[in-house]
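Input: a single structure, listed below in structure tokens.
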Amino acid sequence: MASEIDPETAGISPQKPDDLSHPEHAAPKSLALAIGLTVLWPGAGYVYFGRKVIGILTMIIMPFVIFLMPQVIVLCWAVMIIDLVILNSKAKREVEALATKPCPHCAEKVQMAAKVCRYCGRDI
Ligand SMILES: [Zn+2]
């Protein structure tokens, strides 16, 4: 796939998704930390991922659920961890989308800071 070419090897842009200019807005969250939080206190991983309402509700409700039916905890973890993995991949795509723009000549996605398109080689 063409989009997997490393921009540095292509010699075009030094910018990577990791060092975006808006770190607070688009900083990639740690999936491992989110899962850790979820295991410690179901719902905390959602809050960490920015889903505050559902996260806080889950954090309030889950202790009661676990107290009444401790056996459901494994199921809850499984569902939440799958959900967090999906949220994480969405967030990654958003970060990628913020770091790229379409080339005006060939419409391929190129790095935001690129001066030359890595696909068609024309100036942007
Ligand atoms: Zn192009």
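Mind counting the residues in region 84-124 that are near the ligand (Cβ under 9 Å from one of its atoms) and either part of a helix (DSSP H, G or I) or of a type in the set (Gly, Ala, Ser) (or both)?
Restricting attention to region 84-124, the residues satisfying the condition of being near the ligand (Cβ under 9 Å from one of its atoms) are 102-108, 110, 116-122, 124.
This time we only want the ones that are either part of a helix (DSSP H, G or I) or of a type in the set (Gly, Ala, Ser) (or both), so: 107, 121.
The total comes to 2.
Residues that are among the polar types (S, T, N, Q) and over 30 Å from Phe64 (Cα atoms) were ranked within region 87-124; the one that is farthest from the chain's Cα centre (by Cα) is Gln111.
Condition test on Gly50, is it more than 16 Å from the ligand (Cβ to nearest atom), part of a loop (DSSP other than H, G, I, E, B) and surrounded by fewer than 14 Cβ atoms within 10 Å (Cβ to Cβ)? Here the answer is yes, as Gly50 does meet what is asked. Just one of the numbered conditions (1) within 16 Å of the ligand (Cβ to nearest atom); (2) assigned to a helix (DSSP H, G or I) is not true of Val79: (1). Note on region 51-86: residues that are under 11 Å from the mean Cα position of the chain (by Cα) and modelled with pLDDT under 90 amount to 0.
The values are calculated or read from the model by the stated rules, or taken from the named source; none is laboratory data. Just so it is clear, the model here is predicted, and its values are computed rather than measured. When we count neighbours, we look across all protein chains shown, and the Cβ atoms used for this are built from the backbone with ideal geometry, even at glycine.
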